[in-house]
1. Name the residue that is surrounded by the fewest Cβ atoms within 10 Å (Cβ to Cβ), counting only residues in region 148-159 that are within 20 Å of Trp90 (Cα to Cα) and over 27 Å from the mean Cα position of the chain (by Cα).
2. Working only within region 87-123, note down all residues that are under 30 Å from Val238 (Cα atoms), surrounded by fewer than 20 Cβ atoms within 10 Å (Cβ to Cβ) and of a type in the set (S, T, N, Q).
3. Given the structure, is Glu234 among the acidic types (Asp, Glu) and within 30 Å of Ala106 (Cβ to Cβ)?
4. Would you mind telling me which numbered condition in (1) within 15 Å of Gly138 (Cα to Cα); (2) aliphatic (A, V, I, L, M); (3) surrounded by fewer than 23 Cβ atoms within 10 Å (Cβ to Cβ) Ile248 fails?
5. Which one of these is over 26 Å from the mean Cα position of the chain (by Cα) and assigned to a helix (DSSP H, G or I): Pro101, Pro51?
6. Please tell me if Val128 is of a type outside the set (Lys, Arg) and surrounded by 13 or more Cβ atoms within 10 Å (Cβ to Cβ).
7. Taking region 262-299 as the search range and keeping residues that are out of contact with any helix residue (DSSP H, G or I) (no Cβ under 9 Å at 6 or more places or on another chain) and assigned to a helix (DSSP H, G or I), which one is farthest from Pro51 (Cα to Cα)?
8. Of the conditions (1) small (Gly, Ala, Ser); (2) more than 26 Å from Ala255 (Cβ to Cβ); (3) surrounded by fewer than 18 Cβ atoms within 10 Å (Cβ to Cβ), Ser197 clears all except one; give me its number.
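Each value in this text was obtained by applying a stated rule to the coordinates, not by laboratory testing. The structure displayed is predicted, hence computed values, not measured ones. No Cβ is skipped: glycine too gets one built from the backbone with ideal geometry, and neighbour counts run over all protein chains shown.
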Amino acid sequence: MTSAPATTEVAHLDLTRKPRPWDTAARAIFRVAAALTIAITLGILVALIVPSIEFFSEVPINEFLFGTRWAPRFADASFGVVPLVTATAWTTVIALFFAIPLGLGAAIFMSEFAHKRTRKILKPVLEVLAGIPTVVYGYFAVQFIQATVFRDWLNLDTGSFSVLSAGFVMGIMIIPTIASISEDAMSAVPNSLRQGSAALGANRRQTSLKVVFPAALSGIIAAIVLGISRAVGETMIVALAAGQQARIVGGPLEAGQTMTGFIANAALGDSRVGSLEYNTLFAVGLLLFLITLLINMISIWIVRRFREAY
């Protein structure tokens with residue numbers, strides 16, 4: 001007696017069924033959110049470009065980009081933005097000098113070495129730094145870092161302000177950004193890579209630095225670039241701690257005015273709307289926007305170049 005062959009029923013997805021109302025509503029919400037983001041970005045760009053066109057109709061672009069004297073409110077006005085750019089570059093580089101090693105070190109520890117209970121405590125505590133208002137960081141830089149640590153304890157030859165104190169505290173501010181995103185990227189690396197490394201005789205340090213870190217490199221680069229964007233666009237810390245004198249900064253102990261610092265100070269002035277002095281705000285803001293856009297475009301290329309798929 002032969003038995004009938006067993007049949008296997010294959011379940012097919014019904015791709016023709018109508019989407020549920022909630023799915024349709026969710027898609028509509030996501031489309032509106034995406035369109036609103038684009039519209040806001042374009043609105044910001046238009047708000048910067050229109051006054052900037054008026055500004056550049058009176059001030060040559062070459063003078064603005066390559067001039068070495070910034071004095072828009074003086075009788076013999078000068079509109080060379082190089083002093084603002086150099087101060088911004090100094091504070092950003094100093095911030096990254098402190099934030100990248102500390103942030104990546106914290107990320108590697110939390111991802112590869114810390115116990116789960118320790119990580120659950122350490123990560124929220126670290127992220128508290130990101131929630132502190134930047135004006136508090138600014139006064140901390142002026143009153144403690146600059147006045148107490150640099151001048152009294154270290155006897156550094158500085159005045160009341162310096163790009164070093166502003167950059168140092170700005171680095172503290174962006175540590176949570178770099179650490180949190182980098183830790184998420186390293187935690188997303190499959191455990192099979194760690195197990196394979198251990199099977200080949202590598203210890204935890206070697207696995208962390210030579211296997212996990214390179215595998216998560218695209219996410220780490222994204223974290224660093226986001227930190228750069230935050231440092232370039234930071235306002236209150238540099239407005240309070242870096243100084244208000246626009247000059248070419250030649251060293252970290254010197255004071256200088258950054259682009260965001262100028263915007264913050266000039267916006268509180270009494271410049272007449274539509275005047276040349278008033279339009280300098282938008283010209284500097286447009287340059288800052290373009291610098292940030294360039295940084296993000298470079299970061300997108302780098303992330304795509306080093307992205308790993310598992």
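1. Selected residue: Asp157.
2. Listed by number, the list is empty, since nothing qualifies.
3. Spelling it out, Glu234 is indeed among the acidic types (Asp, Glu) and within 30 Å of Ala106 (Cβ to Cβ).
4. (1)
5. Values: Pro101 fails: over 26 Å from the mean Cα position of the chain (by Cα).
Just a single option satisfies the conditions, and that option is Pro51.
6. Here the answer is no, as Val128 does not meet what is asked.
7. Met297
8. Condition (3) is where Ser197 drops out.
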